[in-house]
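What follows is a short report on a single structure.
The values are calculated or read from the model by the stated rules, or taken from the named source; none is laboratory data. No experiment lies behind these values; they were computed from the predicted model shown. Neighbour counts are summed over all protein chains in view; Cβ atoms, including those assigned to glycine, are modelled from backbone coordinates with ideal geometry. For the accessible areas, the whole protein counts, side chains as well, though only heavy atoms, and no ligand, DNA or RNA atoms are used. Shrake-Rupley method; radii C 1.70, N 1.55, O 1.52, S 1.80 Å.
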Amino acid sequence: MRSVIVNRTQRAGTAVALLLASACSAAPANGTPLPSGTAQSAMVVSASAVASQAGRDVLAAGGNAVDAAIATGFALAVTYPVAGNIGGGGFMVIRFPDGRATAIDFREMAPRAATPEMFTDATGAYSSTIHHDSHKSVGVPGTVAGFAMAHKKYGKAEWTRLVDPAVRLASDGIDVTAGFAGALSWGMSEELKKYPATVSAYTKDGTPYVVGERIRQPDLARSLSRIRDQGQDGFYRGETARLVAEEMRRGGGLITEDDMARYEAKERAPIRGTYRGYEVISMPPPSSGGVALVEMLNILEGYDLAAANHNSPRYVHLVTEAMRRAFLDRARYMGDPDFTKPPIERLTSKAYAAELRKTILDDRASPSAPAQVAQRYESNQTTHYSVVDANGMAVSVTYTLENAFGLGAVVPGAGFLLNNEMGDFNGKPGVTDSTGLIGTDANLARPGKRMLSSMTPTILAKDGKLVAVIGSPGGRTIINTVLQVVLNVIDSRMPIQEAVNARRFHHQWLPDWVFGEKDAFPPATVASLEAMGYRVRLGGDQGTAHSIFVDARTGARIGAPDPRDADAGAAGY
Ligand code: DON
């Protein structure tokens with residue numbers, strides 16, 4: 001069996017793959033050597049090369065893509081604590097080899113004591129601190145239940161085999177990498193140091209670990225062992241649930257042991273759309289991602305984007321106007337479908353897109369009206385990973401703690417970080433203002449409700465065959481990052497690594513700015529956009545879209561770790 005491990009540093013630098021464990025031919029049946037990052041049978045791409053390897057080992061031992069996604073997800077909780085988690089939540093989209101698809105929703109849920117007004121202070125004023133940076137900002141974690149549901153319904157390996165690599169990484173320790181050290185030194189200079197259990201988990205007596213040192217996470221290893229040995233109950237009942245509830249009481253949070261025991265993952269029908277003959281499969285509400293993605297693609301299908309060069313003024317204009325319209329609808333309608341009914345069919349229909357196209361001017365920016373609904377710009381603090389197995393089963397997972405390291409609080413004795421996902425609920429009923437607050441009902445906190453998300457784990461297929469697995473972190477920018485990788489592949493015909501690497505931009509209706517990555521557009525393009533009425537700001541990175549592309553001719557799985565993530569890697573065979 002031929003192993004392929006590509007670390008993103010190698011890819012970005014020398015573009016040379018590290019090929020390990022060659023037990024049979026390094027070339028596919030037709031004799032053509034495989035390009036770097038390509039595997040003939042199966043592939044995992046994630047933010048951590050070590051976690052990708054954990055998934056790849058499960059695949060090589062006969063597990064399917066769901067099994068590998070679970071093993072990678074647990075391993076990321078150890079190797080990528082900035083967003084990999086057992087204390088957060090997310091979404092998994094699965095496409096089976098026969099073309100059927102499903103989605104597992106393991107978004108965090110509001111505890112039973114949650115209310116729409118819970119993010120206001122004693123005077124009744126909205127408090128950003130309570131909303132985003134307090135124990136009240138913690139939702140009941142969903143990751144473990146989501147993985148358990150996916151395994152029970154669609155996995156085939158032994159559960160213990162999927163959790164055990166993470167247990168070992170936590171107990172034996174991992175070598176601190178550049179990305180890990182960089183994230184920790186950033187985190188420890190800020191809010192993480194408020195929490196003694198966090199300081200003890202991620203520093204040596206207060207000094208953050210540096211590259212090359214070994215970090216062991218014994219409390220996390222014990223929590224993971226309980227999950228390995230007792231399944232979902234090993235997290236939601238007993239010791240771990242008790243430790244979470246204790247930390248909540250200590251910090252003024254709302255989650256009780258009863259809330260933990262009541263958490264349930266849900267299986268949902270994915271959003272399906274088409275774009276120029278490709279099938280698009282993505283996450284339904286409580287994520288806004290799939291609906292907004294399909295709405296934008298439907299709008300853009302009416303234009304010849306291939307003729308407008310990638311990131312040219314006309315290209316940016318058309319794509320931005322699609323983004324503006326989808327984000328307005330997102331703010332208007334989206335929320336947990338168990339509590340509110342977003343008009344999904346209409347928003348994802350070709351007829352609605354045709355109506356919206358009529359409102360797009362050929363050479364002018366449309367206005368966004370601040371009197372309606374405003375939203376904030378966000379950065380990359382979630383993580384996405386992609387898996388394809390030897391049978392063509394594909395899994396697209398995006399999961400998160402919300403901010404980098406979530407709330408920043410490690411649960412004492414349990415060794416994992418708590419999310420601050422409740423910040424994705426609207427802040428205060430009826431309060432919508434130009435600073436970015438939204439007060440609409442669809443996404444107010446209520447007991448047992450899931451907060452609206454932008455995570456967009458996506459799968460593309462064509463003529464019944466798998467084409468690509470795509471997704472990204474980045475708050476609301478996620479939807480636009482996924483959109484642009486899809487456009488790069490389909491309209492600009494870029495190879496997958498180029499499609500992932502290409503500079504991206506973001507518009508979210510309000511604030512009414514086009515945010516481009518550094519060097520996204522040359523000065524002449526910025527000038528043309530400004531002449532059309534756009535305000536443009538360039539800087540930073542947008543998302544990390546760890547993706548896989550399947551070559552229709554050879555069936556090869558081409559892994560594309562995003563070079564924006566320091567430790568990312570592809571592992572396949
Ligand atoms: O679910 C969501 O859309 C967000 N909680 C994701 C957060 C994220 O990507 C980090 N960025 N702020």
Rg to Rh, two decimals, where the stretch 27-170 supplies the alpha carbon set and Rh follows Kirkwood | 1.11
Farthest towards the positive end of the dipole of the chain, among 444, 183, 148 and with Cβ unit charges of +1 on Lys and Arg and -1 on Asp and Glu, lies the Cα of 148
Seen from all sides and averaged, what is the projected area of the convex hull of the Cα atoms in the chain, in nm²?
-> 23.7 nm²
Gained length - residue 441 relative to residue 230, 0.36 nm times residue gap less alpha-carbon distance | 72.1 nm
Checked the stretch 326-478 against the a/c 1.5 cut and the a/b vs b/c comparison, axes a ≥ b ≥ c from its Cα gyration tensor; verdict oblate
Identify, among 457, 511, 485, the residue whose Cα sits farthest towards the positive end of the charge dipole of the stretch 425-573, taking +1 on the Cβ of Lys and Arg and -1 on the Cβ of Asp and Glu, with the dipole about the Cα centre.
-> 457
With a ≥ b ≥ c taken as the square roots of the eigenvalues of the C-alpha gyration tensor of the stretch 172-256, please select rounded if a/c is under 1.5 and otherwise prolate if a/b is larger than b/c or oblate if it is not?
-> oblate
Extreme residue, positive dipole direction of the stretch 222-296, given options 223, 254, 274 (C-beta unit charges) | 274
Check: C-alpha center the stretch 67-89 vs C-alpha center the stretch 160-221, spacing in Å is 13 Å
How big is D, in µm² s⁻¹, for the stretch 263-356 by Stokes-Einstein at 37 °C and 0.692 mPa s if Rh is the Kirkwood radius over C-alpha pairs?
-> 235 µm²/s
Computed [θ] at 222 nm, helices only, for the chain once each DSSP H run of length n ≥ 4 contributes -39500 (n - 2.57) = -10000 deg cm²/dmol
Between the stretch 112-156 and the stretch 269-324, the Cα center-to-center distance that results, in Å | 30 Å
Cross-link partners among lysines for residue 136, C-alpha distance below 22 Å, same-chain residues fewer than 8 apart left out?
-> 193, 194, 428, 449
Loop-resident sites, the stretch 301-374, for trypsin sites (Lys or Arg not before Pro), counting at most 13 other Cβ within 10 Å (DSSP) = 358, 364
Determine which lysines satisfy two conditions relative to residue 358: a Cα distance under 18 Å, and not lying fewer than 8 residues away in the same chain.
-> 350
Accessible surface of the stretch 516-567 [probe 1.4 Å, protein heavy atoms]: carbon and sulfur percent = 55 percent
Solvent-accessible heavy-atom area per residue, rounded to whole Å², over the chain at 1.4 Å = 34 Å²
